[in-house]
Amino acid sequence: MSKPAERPLARIAASAGLLALVILWIVPTLGLLISSVRDKDALAESGWWTALSASEQTVFERTASPDQQIETADGWVIQGQLEIAATGYTITAFGGSQRTPNEGAPGSTVTLRNGTTLSIDAQGNYRFVSPDEPFTGSRGKRMFFSYEKPASFTLDNYKEVLTEGRLGQAFINTLTVTIPATVIPVLMAAFAAYAFSWMPFKGRNWLFAGVIGLLVVPLQTSLVPLLRLYSDVGNALGFEAKGYAGVWMAHTGFGLPLAIYLMRNYMKSLPKDLIECARVDGASHFHVFTKIVLPLSVPALASFTIFQFLWVWNDLLVALVFLGQAEDQIVLTAQLRALLGTRGSNWEVLTSGAFITIILPLVVFFSLQRFFVRGLVAGSVK
Amino acid sequence: MGGLQDSLSKFEAMDLSGQEIRFDGPWISGDEANLKNVLAYFEEATGAKVQYNGSNDFEQLVLVDMKAGNSPNLAAWPQPGTVGELAAQGELVALKDSVKDAVLADYSAGQSWADLGTYAGPNGDANMYGLAYNVNLKSLVWYVPENFEEAGYEIPQTMEELIALTDQIVDDGGTPWCIGMESGGATGWVGTDWIEDIMLRTQPKSVYDQWVSNEIPFNDPRGVNAIETFGFFALNDDYVDGSASSLASIFFGDSPKGLFESPAKCYMHRQASFIPAFFPEAYQGDAVGTDVDFFYFPAYEGKDLGKPVLGGGTLLTMMNESEASHVLMDYLTSPIAHEIWMAGEGFLTPHSKANLEAYSSDVLRKQGEIFLNATTFGFDASDMMPGAIGAGAFWTGMVDYTNGKSAEQVATEIQAAWDAIK
């Protein structure tokens, strides 16, 4: 018997718990999202949480080249305006040496080596004076300064991934792997699950126990023997060991035990009378399966479809082993890793790449999610 | 590229159309594109087709393929240590004499490159199994010339001067070195490079070679001394950006960025020729050589050991024999196969017939010249040691060392790992 007085408290606690979980899950994703719109150099320097506020940057620009110097009463002078200031930023401090990049306040004058002086005002107008001798060299001198840099974001990482990442072909390759590798096990498991739940035959329970047992076989231990099998058969029959057919079969094999288990439990929970009536009325097993059991099992089918789809979509290991790494076979996950470069120097594109690749799984998940919980819970709770 | 047509014409006479070659390697993205340019000329000339599979996980995947009896025709190994193991297991095909002759004749210090690829086969006979292709230079110190100029520092010509400069920078209130050793599963390799470079500068090449093959135990005083010399630079909180104990947690690709900050977090960074890819964007491309430059990690003046150079590189091996694969190996010893990639990025070669003009930048050309002029060339020791050491105990030993274990203790532990695999 529920006590009405306690209910609001319990609900608040439940909501708070849920909220905490949601935040816990969202924070890393948010961090990834923010990182994906940050500039490569900024990413290397500071964490994503600092990206939302303005920060003080100390950088340098070069003066105009020495061949633009003019001779005045003070000596030789190079002057102009800092590019940063020309775009609207205010200079907060400056200096003429990397060791003391902030020694002067805007408007003041600092003395550097050889008696040269540098002054920069808040608007970035600089004046570099050499009283005794003309400036030499072909490049401008470095002027260090600080300015307040507002939070800034860029879509460059996305642009780079989309234009240079060769994700298009990889996307199609992944679909080529994923769709059959989802449909085949779902179909096979549906047939098997029906047989396990409604077709009495000798040794049925033992066979089912055997299938459940396969759930614990670690995928990693079977990679080499399986590839060896493909390679032997391939050599005998004259086809390549690595190819899409092999990857479909591998994913089917690895996915089937769980699929059969989930669906058998669901189908078993369907009302017995319904199926027996149909059988008495003369419907064949195939009829019962297609006309009654299958339509009623949509939640279980959908939930396993999501499972298998996401697993195959995100899979890297199986695809690496059973597919080649050339353009016509490389999958998205492997292509994303390849974006890093041979020595891992381009990791900024991983963030944007990750966001692009989760679009399709999100679409699949949200379009099938209403079946998800129903399908998972069904059969396990009576 | 004047000799381009000459070196290609030999292959144009061959007709290999219809033959397919599977080539697996560690090069991806930009490197992969450059390699494909190299292969395209071969395909055009001979009609053979080369299917290149590049992956960051190449070393693991190729072993899976090998165990499954599905080896590629050619494989490119970044760590020759594995090549020796595979050769002994009979998994590799000995290269034709034409490849060996080409290396002896055309590579500068050809004998050492031929030796690098020569291992004992399954029946104990030594054969050449590996062709060095795409090498990198490790004995480089990167710095910002204007920072040096501003502070009045000169480029050190000897190790003694480098040590004096290190002390002077500290006296002037700066931090001399940026060192970062974090590299995922390979954390610690930066430290091994330091030690190898020091080993080459404190001991003759013959001792280095014995140290690599463990004829001299790892905890020999000469080896321990090399570790301690690294410690002189790295284990002093005044000498490194951050603190000595944090080196193993700083990503090696992020560590050079301190050079470019204002004020600079450090003045020098010892790292291989590929590191500019990790520099901030403003310091890549044309800026390398002007805004940021490198000098040779100097040798001791007091020791008469010449100017040794440490480098690494990839060994091409044949795992699955075919006529076209042998021809491709020949092609890869020809100057054009080097010049095409030299015109791209991230490629150095000791091939003396390849035209230096082909390098895409002065910086690469300068590095290429260091290779051609090297009298003592030491190949990266950790890459040549068996995987359990070179990609295991040696790496973790470096992490332990920066975390406070003594050099003696670390060396003894690495020797114990050696003993365990003998």
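The values are calculated or read from the model by the stated rules, or taken from the named source; none is laboratory data. What you see is a predicted model, and the numbers here were worked out from it, not measured in a lab. No Cβ is skipped: glycine too gets one built from the backbone with ideal geometry, and neighbour counts run over all protein chains shown. Note: areas computed on protein heavy atoms with side chains; ligands, DNA, RNA excluded. Shrake-Rupley method; radii C 1.70, N 1.55, O 1.52, S 1.80 Å.
Interface residues of region A:324-352, defined as those losing at least 20 Å² of solvent-accessible heavy-atom surface relative to the isolated chain (probe radius 1.4 Å), are listed as A:Q325, A:A326, A:R337, A:A338, A:G341, A:T342, A:R343, A:S345, A:W347. Taking Cα centre as origin and charging only the Cβ of basic (Lys, Arg, +1) and acidic (Asp, Glu, -1) residues, the dipole magnitude of the protein assembly as shown rounds to 4900 debye. What is the Cα centroid distance between region A:282-318 and region B:122-192, reported in whole angstrom? The two parts, judged by their Cα centres, are 59 Å apart.
Just check the protein assembly as shown against the gyration tensor rule for me: Cα atoms, a ≥ b ≥ c as the square roots of the eigenvalues, rounded for a/c under 1.5, and otherwise prolate or oblate depending on whether a/b exceeds b/c. Note, shape of the protein assembly as shown comes out oblate. With the whole protein complex present, A:S53 retains an accessible surface near 70 Å², based on a 1.4 Å probe. Set the bar at 23 Å for Cα to Cα. Now go through B:K307/B:K366; A:K40/B:K36; A:K40/B:K265; A:K149/B:K257; B:K36/B:K353 and name every pair that lies beyond it. Check vs 23 Å cut-off fails for A:K40/B:K36.
May I ask you to derive the FRET efficiency for B:D254 and A:E56 from their Cβ-Cβ distance with R0 = 22 Å, giving the value to the nearest 0.05?
0.60
Per residue of peptide A:166-174, the mean number of Cβ atoms on other chains within 10 Å of the residue Cβ is 0.
How large is the charge dipole for region B:143-289, taken about the Cα centre, if only the Cβ atoms of Lys, Arg (+1) and Asp, Glu (-1) carry charge, to the nearest 20 debye?
Its charge dipole is roughly 460 debye.
Positive end of the dipole of region B:30-122, charges at C-beta (+1 Lys, Arg; -1 Asp, Glu), about the Cα centre: which of B:A114, B:V99, B:Q79 has its Cα farthest in that direction? Most positive-ward Cα: B:V99.
Below 8 Å between Cα atoms, with a sequence gap of 6+, how large is the relative contact order for chain B in percent?
26 percent
Between A:R204 and A:D273, the FRET efficiency estimated from the beta carbon spacing at R0 = 22 angstrom works out to 0.60. For the protein assembly as shown, the share of DSSP beta bridges that are antiparallel, to the nearest 5, is 75%.
Classify region B:233-346 from the C-alpha gyration tensor, please: rounded if a/c falls under 1.5, else prolate or oblate depending on whether a/b exceeds b/c. Prolate is the answer for region B:233-346, as a/c is 1.5 or above and a/b outweighs b/c.
Between the helical axis of A:219-237 and the longest alpha-carbon principal axis of chain A there is an angle of about 80 degrees. Please work out the C-alpha center-to-center distance from region B:46-79 to region A:188-249 and express it in whole Å. Taking the Cα centre of region A:188-249 as reference, the centre of region B:46-79 is 27 Å away.
Please tell me the relative contact order of region A:235-374 in percent, rounded to the nearest whole number, where contacts are Cα pairs under 8 Å and at least six residues apart.
Dividing the mean separation by the residue count of region A:235-374 yields 31 percent.
Think of each Lys and Arg Cβ as +1 and each Asp and Glu Cβ as -1; about the Cα centre, that makes the dipole of region B:1-144 roughly 160 debye. Principal-axis analysis of the Cα atoms of chain B puts helix B:29-46 at an angle of about 30° to the longest axis.
Multiplying the residue separation of A:H285 and A:T154 by 0.36 nm and subtracting their alpha-carbon distance yields 41.2 nm.
Measuring nothing but how far apart in sequence close Cα pairs (under 8 Å, 6+ apart) lie, relative to its length, chain A scores a relative contact order of 18 percent.
Largest to smallest in accessible area, the residues B:L348, A:L18 fall in the order A:L18, B:L348 (1.4 Å probe, all protein chains included). Note on B:S243/A:A86: beta-carbon distance plugged into 1/(1 + (r/R0)^6) with R0 of 60 Å gives a FRET efficiency of 0.90.
Using a probe radius of 1.4 angstrom, the carbon and sulfur fraction of the accessible surface of region A:1-140 is 59%.
Surface listing: A:F191, A:F309 arranged by accessible area from highest to lowest gives A:F191, A:F309, probe 1.4 Å.
The angle between the Cα long axis of helix B:323-333 and the longest principal axis of the Cα atoms of chain B comes to about 40 degrees, rounded to the nearest 10.
Hey, what's region A:1-100 come to in accessible area per residue, 1.4 Å probe, Å²?
Values: 6490 Å² over 100 residues.
Result: 65 Å² of accessible area for each residue.
Region A:38-112 and region B:83-117 have their alpha-carbon centroids 54 Å apart.
Rolling a 1.4 Å probe over the protein heavy atoms gives region B:246-394 an accessible area of 31 Å² per residue.
Which of rounded, prolate, oblate describes region A:1-115, given a ≥ b ≥ c as roots of the alpha-carbon gyration tensor eigenvalues and a/c under 1.5 marking rounded, otherwise prolate only if a/b is larger than b/c? The shape class here is prolate. Among the protein heavy atoms of region A:182-268, carbon and sulfur supply 73% of the accessible surface, probe 1.4 Å, non-protein parts ignored. Per-atom-type breakdown for chain B gives carbon and sulfur 48% of the accessible area (1.4 Å probe, protein chains only). For the chain pair B and A, the buried solvent-accessible surface (1.4 Å probe, both sides summed) amounts to about 3600 Å².
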